[in-house]
Amino acid sequence: MARTGKSERTAASGKTVEDLIVEMEPVPPGGRPPTPPALPPASEPARFPILQRLLMVALVLVGFGAGWLAAGLRASLAEKPAAGGRGETRQDLLADGWAEADQGVFTRRCQGICRKPRLYGGGIVDVMEVACLERPCGTIQVTFDVLDGTGQVIGEVAETKIGRQGERLQFVIESDKPQARSFALRSFTARARVE
């Protein structure tokens, strides 16, 4: 049987789809379908909707500002100022394990907040820190002897960097020799031309 879009009777019951829908809907004893419940009356429009929105935005911004302020204070209290013109003195550096290698220039091996890299596949790596506290470091040249397990020199590593006053520099010293066990500082120079 082809569908025409009109209500067709089914062969089994002889009723149309509309008849079935009407049977499914409850009808009160009076024969009329119930009226839908009345909607509650609309609330009065706000007198100052723009001011309410501005107040809400202001409160959100104050909340974010208070959070950022608290996070900034906590971070600044936890930080220790770095070397060179930022609150650290010669005594602070010496107390933290630094040695004065030249007038106003301090050095130490990797300690504290210094991140020492890992080396995979044989060899060794170390980090030397340089703080240019009281003067510009200029051209910094460091030379290290590479030592084996018995203390014999098996090579050398040389590094060069330029440092300005107030800077902390890190020299990453690396040897890929499998028999290398440590480094010994052979020479350190920090030459700056100040006019």
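The table below lists the values:
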| item | result |
| --- | --- |
| Accessible surface, 1.4 Å probe, highest first, among residues LEU119, LEU61, LEU169 | LEU61, LEU119, LEU169 |
| Apportionment of accessible area to carbon and sulfur, segment 146-195, percent (1.4 Å) | 45 |
| Summed residue charge, Cβ within 15 Å of ILE173's Cβ, Lys/Arg positive, Asp/Glu negative | +2 |
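The values are calculated or read from the model by the stated rules, or taken from the named source; none is laboratory data. Quantities reported herein were computed from a predicted structural model and do not represent experimental measurements. As a convention, Cβ positions derive from the backbone with ideal geometry for all residues, glycine included, and neighbour counts pool all protein chains shown. Side chains are part of the model used for accessible areas, which takes the heavy atoms of the whole protein and leaves out ligands, DNA and RNA. Shrake-Rupley method; radii C 1.70, N 1.55, O 1.52, S 1.80 Å.
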